[in-house]
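Have a look at the structure below before the remarks.
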Amino acid sequence: MNARRRAILSSAAVAVLACGALHCSKTDREASAASRIRTGGAPAPGGELVFGFDGAAITEFNLDPEKSAFAPHHRVMRSIVDSLVVALPGHQFGPWLAKSWEVSPDGRAYTFHLRDDVAFHDGTKFDAEAVKFNIDRVNDPKNALYALSDIGPCSGVTVVDPYTVRINFSAPYSAFLANLAKSSLGIVSPTAVRKYGDDFPHHPVGTGPFRFRSLEPAVEIALERNPDYKWPPAGATHAGAAWLERLTFKNVPEEATRVAVLLNGQANAIDLVPPQNLVQFRSSPEYALVEGELLNHNYSLYLNVKRPPWDDERVRAAFRDSLDLDAAVKTVYLGTLERAWSPLSPSIFGYDKTLEHSWHADRERAGRSLEEIGWKKGPDGIRVKDGKSLTVVFVDTQGNREKRLDLMTVLRKQLRDTGFDLKLDSQPSSAYLGKVGAGEYDLVAGSLFAPDPDVLRRIYSHKLKTAFGVSKVEDSVLEALLDAGSEESDPGTRAAIYAKVQHIVVEKVYAIPTYVLKYNVATSQSVRNVAIDVNGFPVFYDTWIAQ
Amino acid sequence: MTRRILERLAASVAVVFGASTLIFLILNWLPGDTAALIAGEGATEETLVRIRAQLGLNQPLGHQYWEYMTGLLHGDLGRSYATRAPVLQELAAQFPSTASLAVAAASVAIVVGVPLGVAAAANRGRVLDHIIQVVGLALNSIPTFWLGLLAILLFSVHLRWLPILGGRGVLASVLPAGCLGLAMSIPVQRLVRSGILEALQEPYITTLRAKGLRATRIFGVHVLRNVAISTITLVGVLVGELFSGLVVVETLFARPGLGRLAVYAVGNKDIPLVQGAILVTSVTYVVVNLLVDLSYAWIDPRVRLASNGDA
């Protein structure tokens, strides 16, 4: 098992500690991190968890798991919908709504044997038809659902018998189980989708441990216990209904306000605690902190290789040599986050550990190299060649989420030292997409939460690219590797393929990964057993409140 | 008087119509493709074409404008591009929070600003006047965001007197309304102070004094009535601004509101939603201005008599 896995608190890891048994594959570091969650005392049903979460300053809650691309909304939906399989630590998968499954030898058909005792919150029976309805719904491009990219080359669904369903693919698709475990392929009620139509995102109906009660746009989503629940995923610490009577998500977009509502007792849990408060919550006996790596394509700077000066690989290399990410990440996140070495976050399957410490800031080399190519320093310190200054424009639409603009500001200062002039251009999302589509940028940046290295194909494949793709790379070697990785079923071979991909992205400076995000939840001490699943999303099924 | 109101209303309709048209044109002129925003970054051209057709975006601009305006005349504000929900419903969900905050903040501004202005004028050049001016300057220089954070720390975390969350609840509105109201009270206080000092220089005050009227009566009736007109005008403008929503305060206090709705809609080029938000704002401005106008007639005998004359 990968020794760099730190603090991955899956529900399964929690289970290990609570029961003190099973799963001997855990590393010590995982165990010590998980032990910080308070598990003492006997769980008692009842009570309300008020969870102040960062839902950003937007007014719509889109609670259609197959439609929403927004991680905060998936943090809510994880409690409402269940998946066919659950992701377990060590890149394993366990049963959930599916009791077992087989993959055909050619990798083109997945057959799932479903539980026969599951019902949706609206009373609809969960069966093979319901699964077929969900996958068909996602697979229909007319519906333009976000989860479409999770099912890859899916060619259709066959109902074998009422509780057996086969999902077919036109080509082998090795990322499927990992994607299937995400909430974006959580199973929703066919009856409810037909009934609510366009309004389904405001009336989500799944089979999860909590059912939707009401929402107030921009402010609050209220869930209540599903009393009939008895189908928790592998790794849960109890069977039967959730302990919590009510689970209320309050959207508190401002980080200082989130901390304040936990401190004044209006919320008993909050997420995304800012770095400056993490230490406080870690050490205080009145609060508990749970942290887990978000399986993620790390927040990366994408260089527009189609446009000068980035069409010259040497300039791209000099750009990267100018960045001291160790210092920048430490300064901005106060040592609470690690810098990234690879596009993938360390716990994703296929993460290449050999990239660690393989590239560093080297301003001298950057300066030398730029001089050689003919970029000479002008009077203001910015380099000039053929009358053009070395100005690069970073187009952004997300604002300072995760302190990203703070990070860019630090990098801007570093770049100035070697003669780059970095301009930050913040745009509303419509204008941003317009610029990305037209290729009118030098740099854009983004992250993409994903459980499988196939995410690299979504970003770097020229074949699959849409006009709004962040990377403009066209590289046939990379393309072939990404196709091979998607189809390869042997884990060893597959990992080797993705190691090559990660090396190419870093060595050719197609993108510069920056930091590894950890998701965190701070709770008051009476809240027990909040878990963060393997994918990095909060799980409240086993959560209870000590009296 | 009735005629005056009718004239005002006619002019108001023109203002609202002009604002809607202008916003429609500006939003369409802004860069960006609404369909791409809805479909997400992975969408194919085929999907985009379908979404454009669904939303009517493939129609010529003139046609879209005609559709919007005829809908508006039938009381139909259309549907949000992003959520497909009726715009009226989206606005109705956000409006009460914005309205109650605006009214509460304006009340605080008046209750705090007017007495302080009077006190400062009455003590002109003395210590109290200086204190009021300096504190006012300091408050005016602190952004509401910062003031709000400090208030949260003191009243919600440290003393635990007031909640932060609670949406439209009265207690949860105290801090945001207090912060906004305090910030708004500064211009009110200054206007009242300078208005009083100016009015005291007017010849009619000398006449009243010569007539032998008591100072308190001169001040309470004649001076204050004079100052009231400009103060009400100012408060009207401030309330109009409040009704357009305050994205910073809404975000800080985790409240719903038109500000967040409008900012999000502009970013997403959700034109019907932006139109709706602008419509609410412009109608509010018009109504507030009308009320301000009517109050002139009530306060100022000259306006009242003039309008009686032509009625």
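Collect the residues in the range A:302-314 that are crowded, with 23+ Cβ neighbours inside 10 Å and aliphatic (A, V, I, L, M), keeping them in residue-number order.
A:L303
What about A:D117, is it away from chain B (no Cβ under 14 Å), farther than 30 Å from A:R457 by Cβ and buried (at least 16 other Cβ atoms within 10 Å of the Cβ)? Reasoning before the result, please.
Numbers: away from chain B (no Cβ under 14 Å): yes; farther than 30 Å from A:R457 by Cβ: yes; buried (at least 16 other Cβ atoms within 10 Å of the Cβ): no.
No.
Of the residues B:L128, B:L147, B:L137, which single one is closer than 22 Å to B:P115 by Cβ, more than 10 Å from every other protein chain (Cβ to nearest Cβ) and crowded, with 18+ Cβ neighbours inside 10 Å? Break it down stepwise before answering.
Numbers: B:L128 fails: crowded, with 18+ Cβ neighbours inside 10 Å; B:L137 fails: crowded, with 18+ Cβ neighbours inside 10 Å.
Testing whether each residue is closer than 22 Å to B:P115 by Cβ, more than 10 Å from every other protein chain (Cβ to nearest Cβ) and crowded, with 18+ Cβ neighbours inside 10 Å leaves just B:L147.
Sort through A:E372, A:E402 and tell me the only one that's of a type outside the set (G, A, S), away from chain B (no Cβ under 14 Å), buried (at least 17 other Cβ atoms within 10 Å of the Cβ) and farther than 18 Å from A:L303 by Cα.
On the way: A:E372 fails: buried (at least 17 other Cβ atoms within 10 Å of the Cβ).
Answer to the check: A:E402.
State all residues of the range B:122-153 that are of a type in the set (A, V, I, L, M, F, W, C) and either within 30 Å of A:L262 (Cβ to Cβ) or at pLDDT below 90 (or both); if no residue qualifies, say none.
B:A122, B:L139, B:I142, B:F145, B:W146, B:L147, B:L149, B:L150, B:A151, B:I152, B:L153
Please tell me if B:G56 is more than 14 Å from every other protein chain (Cβ to nearest Cβ) and modelled with pLDDT of 90 or more. Talk me through it step by step, then tell me what you get.
Values: more than 14 Å from every other protein chain (Cβ to nearest Cβ): yes; modelled with pLDDT of 90 or more: no.
Answer is no for this residue.
Do we have any residue at all in the range A:221-229 that's within 26 Å of the chain's Cα centre (by Cα), within 14 Å of another protein chain (Cβ to nearest Cβ) and among the small types (G, A, S)?
Yes, there is a match, as at least one residue in the range A:221-229 is within 26 Å of the chain's Cα centre (by Cα), within 14 Å of another protein chain (Cβ to nearest Cβ) and among the small types (G, A, S).
Do you know which residues across the range A:492-511 are of a type in the set (A, V, I, L, M) and in a helix (DSSP H, G or I)?
Of the range A:492-511, the ones of a type in the set (A, V, I, L, M) are A:495-497, A:499, A:501, A:504-506, A:509, A:511.
Result: A:A495, A:A496, A:I497, A:A499, A:V501, A:I504, A:V505, A:V506.
How many of the residues making up the range A:201-229 are charged (D, E, K, R) and at pLDDT below 95?
From the range A:201-229, those charged (D, E, K, R) are A:211, A:213, A:216, A:220, A:224-225, A:228; that's our starting set.
Now drop any that are not at pLDDT below 95, which leaves A:216, A:220.
Number satisfying all stated conditions: 2.
Quick one: in the range B:28-53, which of the residues that are more than 35 Å from the chain's Cα centre (by Cα) and part of a helix (DSSP H, G or I) is nearest to A:G469 (Cα to Cα)? Don't jump to the end; show me each part of the working.
The initial filter retains those residues of the range B:28-53 that are more than 35 Å from the chain's Cα centre (by Cα), namely B:41-51, B:53.
This time we only want the ones that are part of a helix (DSSP H, G or I), so: B:45-51, B:53.
On the way: B:E45: 13, B:E46: 16, B:T47: 15, B:L48: 15, B:V49: 18, B:R50: 20, B:I51: 19, B:A53: 23 Å.
Within the range B:28-53, the match that is nearest to A:G469 (Cα to Cα) is B:E45.
I'd like to verify a number: residues in the range A:326-360 that are farther than 23 Å from A:R401 by Cα, touching a residue at least 60 places away in the same chain (Cβ under 8 Å), surrounded by fewer than 17 Cβ atoms within 10 Å (Cβ to Cβ) and of a type outside the set (D, E), how many?
The total comes to 3.
With respect to A:L456, determine if the residue is part of a strand (DSSP E or B) and not charged (D, E, K, R). Give the derivation first.
On the way: part of a strand (DSSP E or B): no; not charged (D, E, K, R): yes.
Here the answer is no, as A:L456 does not meet what is asked.
Would you be able to tell me the number of residues in the range A:422-439 that are part of a loop (DSSP other than H, G, I, E, B) and more than 14 Å from A:Y302 (Cβ to Cβ)? Let's see the steps before the verdict.
Applying the first criterion (part of a loop (DSSP other than H, G, I, E, B)) to the range A:422-439 yields A:427-428, A:439.
Checking which are more than 14 Å from A:Y302 (Cβ to Cβ) leaves us with A:427-428.
Qualifying residue count, the range A:422-439: 2.
Out of everything in the range B:195-236 that is in contact (Cβ under 8 Å) with a residue 12 or more places away in the chain and of a type in the set (G, A, S), what residue ends up being farthest from B:D129 (Cα to Cα)?
Checking each candidate, the answer is B:G236.
Having 3 or more residues that are away from every other protein chain (no Cβ under 11 Å) is the bar; report the helices (runs of 4 or more DSSP H) wholly within the range B:171-282 that clear it. Quick ask: steps written out before the conclusion?
Details: elements: B:203-211, B:224-243, B:247-252, B:258-267.
Correct list: B:203-211, B:224-243.
Whether any residue in the range A:456-474 is aliphatic (A, V, I, L, M), within 13 Å of chain B (Cβ to nearest Cβ), farther than 30 Å from A:T391 by Cβ and free of Cβ contacts under 8 Å to residues at least 60 places away in the same chain is what I want to check. Steps first, please.
Initial filter on the range A:456-474 (aliphatic (A, V, I, L, M)): A:456, A:459, A:464, A:467, A:470, A:473.
Right, trim to within 13 Å of chain B (Cβ to nearest Cβ) and you get A:459, A:464, A:467, A:470.
Of the ones still in play, those that are also farther than 30 Å from A:T391 by Cβ are A:464.
Right, trim to free of Cβ contacts under 8 Å to residues at least 60 places away in the same chain and you get A:464.
Within the range A:456-474, one or more residues are aliphatic (A, V, I, L, M), within 13 Å of chain B (Cβ to nearest Cβ), farther than 30 Å from A:T391 by Cβ and free of Cβ contacts under 8 Å to residues at least 60 places away in the same chain.
Let's see how each residue does on (1) touching a helix residue (DSSP H, G or I) at 6+ places or on another chain (Cβ under 8 Å); (2) crowded, with 16+ Cβ neighbours inside 10 Å; (3) outside any strand (DSSP E or B):
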| residue | (1), (2), (3) |
| --- | --- |
| A:E364 | no, no, yes |
| A:G367 | yes, yes, yes |
| A:G381 | yes, no, yes |
| A:V393 | no, yes, no |
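Name, by its number, the condition in (1) surrounded by fewer than 18 Cβ atoms within 10 Å (Cβ to Cβ); (2) part of a helix (DSSP H, G or I); (3) of a type outside the set (S, T, Y) that does not hold for B:R160.
(2)
The values are calculated or read from the model by the stated rules, or taken from the named source; none is laboratory data. Model, not experiment: these values are computed from the prediction. Please note: Cβ atoms are built from the backbone with ideal geometry, for glycine as well, and neighbour counts cover all protein chains shown.
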